[in-house]
Amino acid sequence: DGGITQSPKYLFRKEGQNVTLSCEQNLNHDAMYWYRQDPGQGLRLIYYSQIVNDFQKGDIAEGYSVSREKKESFPLTVTSAQKNPTAFYLCASRTGQGASTDTQYFGPGTRLTVL
Amino acid sequence: GNSVTQMEGPVTLSEEAFLTINCTYTATGYPSLFWYVQYPGEGLQLLLKATKADDKGSNKGFEATYRKETTSFHLEKGSVQVSDSAVYFCALYSGNTPLVFGKGTRLSVIA
């Protein structure tokens, strides 16, 4: 079954700890994205990657880090430097080839709570 | 840069009422336009899309027409159901830019 998987669905972290959120896709997409969603708010872009071994900061990259060693995987690390990490995190992907017919697909999300 | 403005919610409607959620945009080039829907606790699902001016996207009774002259992509449905209760996001990208979202509109449909 093709799609995007994110794990875990719920994650609890103590203040001061780093935590890594997983995102895997089997859609053969080049481009992958991480968004953050806060209650009652829209989606804000954290990081994105359009090709393996390359990534760019989005609008709110401070306190986060990513890697893109494989095409199908784009893990996000929430570091202790992120001041308010409690949020819903969404991973997405699309072909990234710039075609007007390209469509972005989303994973089911990970809800991170800092205790 | 690219941006999307959609009407603030929440929107509360009775079952079988007509729905309009307004969305306007600013973009360089020729953007592709999207509506996504998010049910509680879930990720976003693509509802419909339009990739050029005057295109109409449609799905599950929802429709939106890409209007270049008014830079709009309003979402409509003729008769809403309780199961349509969700948050709706208007979004766009142009070229290879990341998808840019509006802030979302929460719809509640009551029986």
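Would you check which residues across the range A:94-113 are surrounded by 18 or more Cβ atoms within 10 Å (Cβ to Cβ) and more than 15 Å from B:Gly95 (Cα to Cα) and list them? Lay out the reasoning, then the answer.
Taking the range A:94-113 first, the residues surrounded by 18 or more Cβ atoms within 10 Å (Cβ to Cβ) are A:94, A:96, A:102, A:104-107, A:109-110, A:112.
Selection gives A:Tyr105, A:Phe106, A:Gly107, A:Gly109, A:Thr110, A:Leu112.
Would you pick out the residues in the range A:47-82 that are of a type in the set (S, T, N, Q), surrounded by 14 or more Cβ atoms within 10 Å (Cβ to Cβ) and within 30 Å of B:Thr105 (Cβ to Cβ)?
A:Ser49, A:Gln50, A:Gln82
I'm checking my understanding of the structure. Among residues of the range B:37-69 that are surrounded by 20 or more Cβ atoms within 10 Å (Cβ to Cβ) and either touching a residue at least 60 places away in the same chain (Cβ under 8 Å) or small (Gly, Ala, Ser) (or both), which one is nearest to A:Arg111 (Cα to Cα)?
Only one residue fits best here, namely B:Gly43.
Tell me the residue from B:Gly29, B:Gly78 that is exposed (fewer than 12 other Cβ atoms within 10 Å of the Cβ) and in contact with a Ser or Thr (Cβ under 6 Å, 6 or more places away or on another chain), please.
Details: B:Gly78 fails: in contact with a Ser or Thr (Cβ under 6 Å, 6 or more places away or on another chain).
Matching residue, one of B:Gly29, B:Gly78: B:Gly29.
Picking from A:Leu76, A:Leu45, which residue would you name as being touching a residue at least 12 places away in the same chain (Cβ under 8 Å) and facing chain B (nearest Cβ under 9 Å)?
Numbers: A:Leu76 fails: facing chain B (nearest Cβ under 9 Å).
Result of the check over A:Leu76, A:Leu45: A:Leu45.
Quick one: which strands (runs of 3 or more DSSP E) sit completely within the range A:4-46 and have at least 1 residues that are buried (at least 22 other Cβ atoms within 10 Å of the Cβ)?
A:4-7, A:19-25, A:31-37
Looking only at the range B:38-80, how many residues end up being in contact with a Cys (Cβ under 7 Å, 6 or more places away or on another chain) and either at the interface with another protein chain (Cβ under 9 Å from one of its Cβ atoms) or of a type in the set (A, V, I, L, M) (or both)?
Total satisfying the criteria: 1.
Tell me which residues, restricted to the range B:14-37, are at pLDDT 95 or above and either closer than 22 Å to A:Pro39 by Cβ or within 10 Å of chain A (Cβ to nearest Cβ) (or both).
Hits for the range B:14-37 are B:Ile21, B:Cys23, B:Phe34, B:Trp35, B:Tyr36, B:Val37.
Restricting to the range B:81-101, name every residue that is in a loop (DSSP other than H, G, I, E, B), at pLDDT 95 or above and either within 14 Å of another protein chain (Cβ to nearest Cβ) or in contact with a Leu (Cβ under 8 Å, 6 or more places away or on another chain) (or both).
The first filter runs over the range B:81-101 and keeps only residues in a loop (DSSP other than H, G, I, E, B), leaving B:81, B:85, B:94-99.
Restricting the remaining residues to those that are at pLDDT 95 or above gives B:81, B:85.
Scanning the range B:81-101 gives a single hit, B:Ser85.
Filtering the range A:85-115 down to residues that are polar (S, T, N, Q) and touching a residue at least 24 places away in the same chain (Cβ under 8 Å), which residue is nearest to the other protein chains (Cβ to nearest Cβ)? Give the steps one after another, and end with the answer.
The first filter runs over the range A:85-115 and keeps only residues polar (S, T, N, Q), leaving A:86, A:93, A:95, A:97, A:100-101, A:103-104, A:110, A:113.
Filter once more, so that each one left must be touching a residue at least 24 places away in the same chain (Cβ under 8 Å): A:86, A:93, A:95, A:97, A:104, A:110, A:113.
Details: A:Thr86: 15, A:Ser93: 11, A:Thr95: 10, A:Gln97: 8, A:Gln104: 5, A:Thr110: 10, A:Thr113: 14 Å.
Filtering the range A:85-115 for residues that are polar (S, T, N, Q) and touching a residue at least 24 places away in the same chain (Cβ under 8 Å), the one nearest to the other protein chains (Cβ to nearest Cβ) comes out as A:Gln104.
Can you pull out every residue in the range B:102-111 that is part of a loop (DSSP other than H, G, I, E, B) and away from chain A (no Cβ under 14 Å)? So that I can check it myself, show each step before the final result.
First, the residues of the range B:102-111 that are part of a loop (DSSP other than H, G, I, E, B): B:102-104, B:111.
Answer for the range B:102-111, where residues must be part of a loop (DSSP other than H, G, I, E, B) and away from chain A (no Cβ under 14 Å): just B:Ala111.
The values are calculated or read from the model by the stated rules, or taken from the named source; none is laboratory data. Source: prediction; values computed, not measured. Quick reminder, even Gly has a Cβ in these numbers, built from the backbone with ideal geometry, and neighbours come from all protein chains shown.
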